[in-house]
Amino acid sequence: MSPTIKIGIVDDHPLLRDGVTMALKKIADFQVVEQGGSADDAMEIAARFAPDVLLMDVNMPGDSFAAVRAISASSPAVKILMLTVSESIEDAYSALEAGAQGYALKGISGLELVQAIRNVAGGETFITPKLAGRLLSNIRKNAGDKPKVELTHREEQVIREVSKGLTNREVAIKLELCEKTIKHYMTNVMYKLRVRNRTQAVAAVIRHWESDHISSLCGALQRRDWSDNRKSNNEP
């Protein structure tokens, strides 16, 4: 017997929320544990019920993206799948950057939603295919406006440790280097990222890593969608 997937649903439209709940309750291994209608409700549900997957709308009372960020930090086992009418690239990017594992439009079929929930619960990521293509195109377009950041292996090691909150001394001990060398690497990192301090450096490099991750993810989704289309058309 398949393990039960616990689901929380947060949407400020009761009729839609109830409809999704009724549909998901028909799936044998799905269990809807709680519903809510705001960003605050989302955080409370994540903390109290620890669902495997939390469905969240983008546009509802409160700051949805801040809630995603807070849940991702405090309850990393809770996977977040945005279910929304918003086709905004900015909303999709903000949700993924905040920590959401999926972004689905409310126009998807019941079967597609079930598969999206299963994917996210299993540690995969789901983005509505046509939106994934637009995301990738947008990232590529913006990439041309920004200087390419090329850190050496050691510089990346150092900034990764700094991003975890370690001091230069702690990083030096961990990497078995002297503190002066760590300061040198951090100076190089800040110069390459065009920032003035450690905090800005960490924020800039995290955004850089996330952009690369989202770009790779969108490319993989596009390849999978293309492969699925070939199979449905009986192409080799």
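For the pair VAL33 and ALA66, the difference between a 0.36 nm per residue extended length and the Cα-Cα distance amounts to 9.6 nm. For THR21, THR167, THR84, the sequence from fewest to most other C-beta atoms within 10 Å is THR167, THR21, THR84.
Scattering from region 5-127 was approximated by placing one identical point on each alpha carbon and applying the Debye formula without solvent; log10 I(q)/I(0) at 0.10, 0.16, 0.23 1/Å stands at -0.23, -0.64, -1.53. Local charge for ARG17 was computed over the other residues whose Cβ lies under 14 Å away, with Lys and Arg +1 and Asp and Glu -1, and equals -4.
Can you tell me the FRET efficiency between LYS174 and ALA50 if r is taken as the Cβ-Cβ distance and R0 is 41 Å, rounded to the nearest 0.05? Efficiency computed from Cβ-Cβ geometry: 0.80.
Label-to-label distance for GLU150 and GLN200 is 2.4 nm, based on points extended 7 Å past Cα in the beta-carbon direction.
Counted by Cβ distance under 10 Å from THR4, the other residues give a net charge of -1, where Lys and Arg count +1 and Asp and Glu count -1. Determine, from the Cβ-Cβ distance of GLU124 and HIS184 and an R0 of 35 Å, the FRET efficiency 1/(1 + (r/R0)^6), rounded to the nearest 0.05. Once rounded, the FRET efficiency stands at 0.30.
At full extension, MET22 and ASP40 could sit 4.2 nm farther apart than now, given 0.36 nm per residue minus the alpha carbon distance.
Values quoted throughout were computed directly from the atomic coordinates according to the rules given, and no laboratory measurement underlies them. Note that the coordinates shown come from a computational prediction; the quantities given were computed from them, not determined experimentally. Don't worry about glycine lacking a Cβ; one is built from the backbone with ideal geometry, like all the others, and counts go over all protein chains shown.
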